[in-house]
Amino acid sequence: MKTVFYSLCLYLCVAALGPNHILKAQPAAKKAVTASPVAAGPMLGYSAMREVAIWVQTTRPAVVQIRYWPQNQPTAKKTTPIVKTNAEKEFIAHLYASYLEPGTTYEYEVLVDGKVVPRPMPLAFKTNPLWQWRTDPPAFSVAFGSCDYTNDPPYDRPGRAYGGDKKIYKAIAQTKPDLMLWGGDNVYFREVDWDSPKMMAYRYNAWRQQAEIQPILGNIHHYATWDDHDYGPNDADRSYILKDAALDLFKQYWINPAYGLRETPGVFQQFSWGDADFFLLDNRFHRSPNRHPDSTNKTMFGKAQLDWLLDALSSSNATFKIVMSGGQILNDAAIFENFATYGVERRAFLEALQRRKINGLLFLTGDRHHTVLRKKEIPGLYTLYDFTSSSITAGISQPVSKELDAQIIENTLLKENNFGLLEFSGPRTDRTLTLKTIDSDGKTRWAFAIKANDLRTAK
């Protein structure tokens with residue numbers, strides 16, 4: 001009875017204070033800010049004439065789809081098959097839009113658990129055009145670069161930060177390239193990373209989830225190879241014990257059209273855009289140690305990969321054949337990790353190019369932490385060019401005196417953060433490839449035009 005009496009008194013007292021007093025004593029909770037379920041991306045992967053690949057990473061297990069439609073035709077929407085993300089795969093989804101039309105721009109959006117997730121950039125992809133037997137080849141552009149370092153102070157070397165300003169991503173976006181080629185050292189594994197696949201994934205996540213890089217992911221098609229720092233330890237070679245895990249992670253974080261051959265694993269691949277064929281090489285998975293005595297047994301790429309490359313180049317009918325590798329190919333100075341330090345293999349490769357009279361060649365390379373355009377005269381062939389672009393954000397290194405020679409095209413040496421741009425233009429019978437180097441502020445620092453007809457052997 002006492003309990004009932006006290007409860008009645010308490011009720012009467014509170015009621016006498018009025019409802020306003022009750023509201024003040026129990027303020028309404030603030031509306032919670034909902035975090036995006038997308039951790040990174042979407043990032044466009046390869047683009048074929050009738051299929052496009054798209055990469056997305058969520059923050060938790062989720063059901064992911066892409067909804068897409070031809071530009072300015074929002075009533076013609078289609079969706080990709082669903083993909084369920086999980087922790088084992090770092091919540092990453094690879095999605096494929098198929099049965100598309102060639103040479104068409106599509107807009108798209110990301111669905112997570114059936115809901116549209118806003119992203120901080122316009123989302124659009126483009127299919128490879130079907131121009132053969134119909135028109136002149138299309139004009140198009142390709143950005144490329146290497147050596148992108150994301151600072152992480154607890155695990156970086158003491159002293160000045162090695163990674164530079166991230167404004168360069170905005171400069172890349174402003175050029176509106178159709179494609180972007182990543183030439184290796186795209187992330188930098190640290191000492192705390194390369195002995196654990198989980199920590200290598202952590203390093204990829206730290207890079208891919210940066211807010212600054214998102215604007216270039218969703219509307220440029222990305223293709224990549226690797227070099228030592230996104231493969232394993234510094235100067236890592238075929239002896240790296242976790243190379244299979246590194247390859248699995250590369251396949252997880254990129255969405256290239258191919259990875260090596262069935263009997264020859266690696267990240268090397270080939271794809272086409274317009275009247276150019278692109279050959280991305282793997283200079284790590286089969287590489288002999290740098291200190292191995294130079295001989296027929298010392299290899300940077302492995303016999304199987306070089307045999308494939310030479311055959312693929314010989315079979316290609318493309319106007320331009322763009323070969324990209326993590327390290328310099330044509331620099332004659334046998335220093336650092338240049339191909340010249342593998343002298344026997346390099347000589348055999350260049351002689352094979354000469355014998356096969358392969359036209360339209362251009363080499364793209366990275367690694368050196370400065371940018372330069374080099375040339376090499378091959379008797380019976382034509383002038384070959386090696387366009388080294390480095391670094392996107394990593395620290396800058398000076399070339400050494402023995403490589404400051406006549407191979408360098410005047411005024412192309414740049415010792416600050418930058419990226420490269422390749423512009424393909426002109427009618428079918430008079431195509432031009434213009435090489436450009438653009439700095440972090442978006443300023444073109446030099447340009448060099450090469451006529452397709454100048455990349456031909458004399459008949």
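The values are calculated or read from the model by the stated rules, or taken from the named source; none is laboratory data. Bear in mind that the values here come from a model prediction, so they are computed numbers and not experimental data. Note that we place each Cβ from the backbone using ideal geometry, even for glycine, and neighbour counts take in every protein chain shown.
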Exercise. Has the stretch 88-106 got any residue that is free of Cβ contacts under 8 Å to residues at least 24 places away in the same chain and within 28 Å of Met200 (Cα to Cα)?
Worked result: yes
Exercise. If Asp439 satisfies every condition in (1) modelled with pLDDT of 95 or more; (2) under 18 Å from Leu330 (Cβ atoms); (3) touching a strand residue (DSSP E or B) at 6+ places or on another chain (Cβ under 9 Å); (4) not hydroxyl-bearing (Ser, Thr, Tyr) but one, which is the exception?
Worked result: (2)
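Yes or no, residue by residue, for (1) buried (at least 22 other Cβ atoms within 10 Å of the Cβ); (2) in contact with a Phe, Trp or Tyr (Cβ under 9 Å, 6 or more places away or on another chain); (3) modelled with pLDDT of 95 or more:
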{"residue": "Tyr169", "(1), (2), (3)": "yes, no, yes"}
{"residue": "Ile172", "(1), (2), (3)": "yes, yes, yes"}
{"residue": "Phe189", "(1), (2), (3)": "yes, yes, yes"}
{"residue": "Ser196", "(1), (2), (3)": "no, yes, yes"}
{"residue": "Ala201", "(1), (2), (3)": "no, yes, yes"}
{"residue": "Gln210", "(1), (2), (3)": "no, yes, yes"}
Seminar exercise, completed: For Arg67, the lone unmet condition from (1) assigned to a helix (DSSP H, G or I); (2) of a type in the set (D, E, K, R); (3) at pLDDT 95 or above is (1)
Exercise. Can you tell which of Asn290, Asn317, Asn297 is touching a Ser or Thr at 6+ places or on another chain (Cβ under 9 Å), in the same structural domain as Glu403 (by TED's automatic domain parsing) and over 23 Å from Gly184 (Cα atoms)?
Worked result: Asn297
Seminar exercise, completed: Over the stretch 112-141, the set of residues β-branched (Val, Ile, Thr), surrounded by 15 or more Cβ atoms within 10 Å (Cβ to Cβ) and over 15 Å from Leu95 (Cβ atoms) is Thr127
For this session: Within the stretch 138-171, count every residue that is in contact with a Pro (Cβ under 8 Å, 6 or more places away or on another chain) and not in a strand (DSSP E or B).
Result: 4
Exercise. Say we look at the stretch 371-394 and pick out the residues that are over 14 Å from Trp446 (Cα atoms) and under 19 Å from the mean Cα position of the chain (by Cα); which of these is surrounded by the fewest Cβ atoms within 10 Å (Cβ to Cβ)?
Worked result: Ala394
Exercise. Going through the stretch 437-456 one residue at a time, which ones are in contact with a Leu (Cβ under 6 Å, 6 or more places away or on another chain) and either surrounded by fewer than 21 Cβ atoms within 10 Å (Cβ to Cβ) or under 19 Å from Ser316 (Cα atoms) (or both)?
Worked result: Arg445, Phe448, Ile450
For this session: State whether one or more residues within the stretch 412-423 are under 30 Å from Tyr188 (Cβ atoms), within 28 Å of the chain's Cα centre (by Cα), in the same structural domain as Leu350 (by TED's automatic domain parsing) and among the basic types (Lys, Arg).
Result: yes
Seminar exercise, completed: Of the residues in the stretch 185-233, those that are aliphatic (A, V, I, L, M) and under 13 Å from the mean Cα position of the chain (by Cα) come to Val187, Ile213, Ile216, Leu217, Ile220, Ala224
Seminar exercise, completed: The condition from (1) in contact (Cβ under 8 Å) with a residue 40 or more places away in the chain; (2) within 23 Å of the chain's Cα centre (by Cα) that Asn338 misses is numbered (1)
For this session: Scan the stretch 90-111 for residues that are of a type in the set (Val, Ile, Thr) and either assigned by TED's automatic domain parsing to the domain that holds Asn219 or surrounded by fewer than 14 Cβ atoms within 10 Å (Cβ to Cβ) (or both) and report the count.
Result: 1
Exercise. Could you count how many residues in the stretch 154-167 are among the acidic types (Asp, Glu) and surrounded by fewer than 15 Cβ atoms within 10 Å (Cβ to Cβ)?
Worked result: 1
For this session: Restrict the check to the stretch 259-274 and report whether at least one residue is farther than 22 Å from Thr341 by Cα, in contact with a His (Cβ under 8 Å, 6 or more places away or on another chain), hydrophobic (A, V, I, L, M, F, W, C) and surrounded by 15 or more Cβ atoms within 10 Å (Cβ to Cβ).
Result: no
Exercise. Could you say whether any residue in the stretch 398-407 is buried (at least 20 other Cβ atoms within 10 Å of the Cβ), closer than 22 Å to Phe278 by Cβ and assigned by TED's automatic domain parsing to the domain that holds Leu353?
Worked result: no
